[in-house]
Amino acid sequence: MTPKSHYRVVVIGGGIVGASVLYHLTHRGWSDVLLIERAELTAGSTWHAAAGFHALNDDPNIAALQSYTIKLYAQIEKESGQSVGMHMTGGYSLATTPARWEWLKADWALHQSLGMETRIVTPEEILADCPIVDPTGLLGGLFDPNEGHMDPHGTTHAYAGAARKRGADVVLRNRVVALTQLPQGLWRVDTEQGSLVAEHVVNAAGLWARRVGRMVGIDLPLTPMQHHYLITDDVPALAARATEMPAVTDLEGFTYLQQERAGVLLGVYERNPRHWKTEGADWDYGMELIPEDVERISEELQIGFARFPALRDVGIRKWVNGAFTFTPDGNPLVGPIAGRRNFWAACGCMAGFSQGGAIGLVLANWIVDGDPGADVFGMDVARYGAFASNDKYLRDTTAQFYARRFVIAYPNEELPAGRPFKTTPSYDLQKAAGARFGVVWGMETPQYFAPQPLDFVEQPSSRRSNAHPIVAAEVMATRTAAGLLDTNVYARYEVSGPGAQAWLDRLLACRLPPEGRMRLAPMLAPSGKLMGDLSVTRLAPERFWLVGSYMLQEWHQRWFHEHLPATGVAIENLSESWLGFSLSGPRSRDILAALTRDDVSDAALPFLGCKRMDVGLTQAFVARVSLTGELGYEITVPAAQQRALWEALIERGTPFGMRPIGMRAQDSLRLEKGYGVWSLEFAQSYTPGMSGLDRFIAYDKAGFIGREAAIRERETGSDQRLVLLAIDALDADVTGFEPVWAGERRVGFVTSGAYGHSVGQSLALAYIDRTIPEESVPLEVHVVGERRPARLLREPPYDPRGLRLRG
Ligand SMILES: Cc1cc2nc3c(=O)[nH]c(=O)nc-3n(C[C@H](O)[C@H](O)[C@H](O)COP(=O)(O)OP(=O)(O)OC[C@H]3O[C@@H](n4cnc5c(N)ncnc54)[C@H](O)[C@@H]3O)c2cc1C
């Protein structure tokens, strides 16, 4: 039985993640909390983890949180009195190809933006520290002093022990069998030994998290997969050393290695991975190992034994084949579940020893404050929609992630798993026109249109690729005639009803537009941080459209519904039922006029105006707006009419010089105007004052969410600001998070970059210290690992007065 029948929070699962959540809740002063564990603490993936840790992650926000996890270990050891078995050995990532060497150096530059202490090292340094590495082909490496491994048992018990000391309860050998939300919103938690009531429930059930999700009617996009490591007998070269050898990751060899007593642990991320119990482990699964499948991993093992030849001369003491959970992008699922009040996810974690502390911190903040306290979109459960839990989608994307765990990801690379999946009705026509697609939230979105014949193959590269001239032609066509871009990267919501205006006035920080007009609409959290960069259009007195990013649908809707009044407001997600194109460029009005009998003159349809009109055969909403800096229109139609709209626009637009364009051209065009977009320049960790979105805020409007914080920021100012940089780059452009330097002082970081084709300049948007003066000071920016001169642009290099946009 549980010690009490009512708790503020019940955490389901006593693995490294559940124990960390429990600890962090008590740290925030919530001691009326209970952890329920089916078997013993660590009985899921945790007990047999290699328990290595590092702070490196492709998402810098998550990398920062991983650093937090590592720093926390000394504290929980002290608080609990339980050893965590910390081996802070440091770790080397090896570069054995020129591409990897360049990639590691570029990666090191990104670490500078995060204040990480990594350094680039020579082969000699690696060999001096790691004598069992074979130097064949070794060009150098990256050393991270904050790498090592832990005792998984001790660490989990330290979290739980420290939480207990602060008043938490822990119940073992008692499985949660059912969860029911009671009418007042509380949760009834049925366990093998009886029922209790909780205000909040956290799903930290690891290998069983999908099953626990099903108890409340949700299907989480995670699945267990197998993972092998082996432990050798003593290696004489290591037994003779006075200090422990650092960890070594052979990125080209798919293996990682850490010293284990006087032997080693060698783990494999094989190219041919295997799923295991996709629905979740059986309820009676004990602390058992899966039989090893040496045949399947033999190729990677051979490479491993060649890189570490000393292993050939010693026996294998133990094989471990265990399972842990993966999500499509390899990051965890954390946060509130939309539509299930006070039910929280803390699962899908494949690196519990790097991320467990961070997940606990973020989730405890979220439960206690209603705000995670950092930009955690990269691990937010709401970054996925229901589509991601489809069995094939999940298997294909998780297998792709696993197999590519150590493979270089190039910025221009589009990976094939789970595709094509969501397409618009004109997909095949766009494909026939040369479209090369990327994917946003499962939706195929054109990146550029390759020329005929269609045998063009783009080479993955961190430098400008062979698609560069194609993108240039699309940009120039837009600047001189017109470009046609699929707007399926947008989400659309209709908000209607007698309470719509009052609710939007509270939700959005801008003043609402009059009927037939559109406004840019920052949406803020109570902390004053950004929650959205929407546009709002009033179609009728009580009928509005909100437009935002397609990939944020789940995230936005969770926010909308959290703040929705009980009656008077209806929200409908139109993202897949209404589609369209953005037509922009100096000839766009002529093209539109050729397709409609409506008056589209500047007087009849001014900048930020919108109206319902027939366009070709379609019944469209047309809004006069563009993200290219040119005269432009967003034409939106019922999805079934999108193909007819494409055909009409192509037929009438082509004689005017119009071309279909993709997202790469759009990026170049928007950077020439210095326009930011969500997830790059605008995100949860930035504020209106930093990002420049403050100019769209109606500070004198009463009652909008985040107003007090926004006013405070207006009074005190922000430390950083968003600026446009011109970079003296050679054959590459920045991609994001590269550091910006003023001499030897790091003064900021890049948010996005592209080559501005019509201005002939490599461009970047960046957050820099506000103290950097407007006047041109010599700056430098890392571009693919190399410092290049840069200068601050006081105004956008293209049409700084905005005359063309309003033309
Ligand atoms: C072979 C191997 C090597 C690994 N190497 C590393 C590594 O080097 N570094 C690293 O960071 N990570 C590593 N991992 C991954 C790491 O183990 C996981 O990220 C981590 O253990 C996940 O912890 P968790 O708490 O989310 O899940 P789990 O450890 O699976 O814990 C979930 C717990 O929930 C309990 N539970 C489930 N359902 C219920 C219920 N209904 N009622 C009550 N209790 C329930 C389970 O009994 C279990 O104890 C490795 C894993 C394996 C298998």
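Just a few scattered comments:
- Dipole orientation for the chain: of the candidates Ala240, Ala477, Gly802, Gly802 has the Cα lying most toward the positive pole (charges on Cβ; Lys, Arg +1; Asp, Glu -1).
- About the Cα centre, charge dipole magnitude for region 700-807 (Lys/Arg +1, Asp/Glu -1 at Cβ), debye: 400
- The charge dipole of region 116-221, taken about the Cα centre with unit charges on the Cβ atoms of Lys, Arg (+1) and Asp, Glu (-1), comes to about 940 debye, rounded to the nearest 20.
- Förster radius 35 Å - calculated FRET efficiency between Ala239 and Leu415 (Cβ-Cβ, nearest 0.05): 0.25
- Loop-resident sites, region 434-539, for trypsin sites (Lys or Arg not before Pro), counting at most 16 other Cβ within 10 Å (DSSP): Arg511
- Note: relative contact order over the chain, using C-alpha pairs below 8 Å and six or more positions apart, is 12 percent.
- In region 334-397, the trypsin sites (Lys or Arg not before Pro) that fall in loop regions by DSSP, at most 15 other Cβ within 10 Å: Arg341
- Each of Phe401, Phe581 was scored by other Cβ atoms within 10 Å of its Cβ. Arranged with the fewest first, they read Phe401, Phe581.
- Net charge contributed by nearby residues that have their C-beta within less than 13 Å of Glu79 (K/R +1, D/E -1): +3
- Each other residue within a Cβ distance under 12 Å of Asn174 adds +1 if Lys or Arg and -1 if Asp or Glu, for a net charge of -2.
- Expected 222 nm ellipticity per residue - DSSP helices of 4 or more, -39500 (n - 2.57), all of the chain, to 500: -7500 deg cm²/dmol
- Inter-label distance for Phe387 and Asp190, nm, one decimal - labels placed 7 Å from Cα along Cα-to-Cβ: 3.6
- Taking all pairs of distinct alpha-carbon atoms in region 79-228, Kirkwood radius in angstrom: 20.1
- Span from the region 604-662 Cα centroid across to the region 75-123 one, whole angstrom: 50
- Cα-based shape type of region 253-301, given that a ≥ b ≥ c are square roots of the gyration tensor eigenvalues and the cut on a/c is 1.5: oblate
- For region 109-210, relative contact order (Cα pairs under 8 Å, six or more residues apart, normalised by length) works out to 14 percent.
- Alpha-carbon gyration tensor eigenvalues x 5, square-rooted, for region 588-738, Å: 35, 23, 13
- Distance (nanometres) between label positions extended 7 Å along Cα→Cβ at Arg801 and Met287: 7.6
- Between Ala345 and Asn203, Gly335, Ile337, the built amide H atoms are under 5 Å apart, and every one of these is 5 or more places off in sequence or on another chain.
- For region 433-438, 3J(HN,Hα) computed residue by residue from phi via the Karplus equation (6.51, -1.76, 1.60; θ = phi - 60°) reads 7, x, 4, 10, 9, x Hz, glycine and proline entered as x.
- Fully extended contour minus Cα-Cα distance, from Thr771 to Glu117, at 0.36 nm per residue: 232.9 nm
- Listed residues Ser549, Thr156, Ala435: farthest to the positive end of the dipole of the chain (Cβ charges): Ser549
- Extension gain (nm, one decimal) between Arg214 and Asp731, 0.36 nm per residue minus Cα-Cα: 181.1 nm
- Estimated FRET transfer efficiency when R0 is 51 angstrom, pair Thr716-Ile316 (beta carbons, to 0.05): 0.25
- Residue pairs, from the table Lys78/Lys165; Lys392/Lys422; Lys392/Lys431, whose Cα atoms sit over 18 Å apart: Lys392/Lys431
- Rounded to the nearest 20, the Cβ-based charge dipole of region 495-587 about its Cα centre (Lys and Arg +1, Asp and Glu -1) stands at 340 debye.
- Rg/Rh ratio calculated on Cα atoms of the chain (Kirkwood radius): 0.97
- Chymotrypsin sites (Phe, Trp or Tyr not before Pro) restricted to DSSP loop in region 694-773 with at most 14 other C-beta within 10 Å: Tyr699
- Inter-centroid distance (Cα atoms) of region 284-347 relative to region 715-746, Å: 38
- Formal net charge of residues neighbouring Ala644 (Cβ-Cβ distance under 15 Å; K, R +1; D, E -1): -3
Just so you know, all these numbers are worked out from the coordinates, no wet-lab data involved. Here the structure is a predicted model, which is why all the values come from computation and not from measurement. Cβ atoms come from the backbone with ideal geometry, glycine included; neighbour counts cover every protein chain shown.
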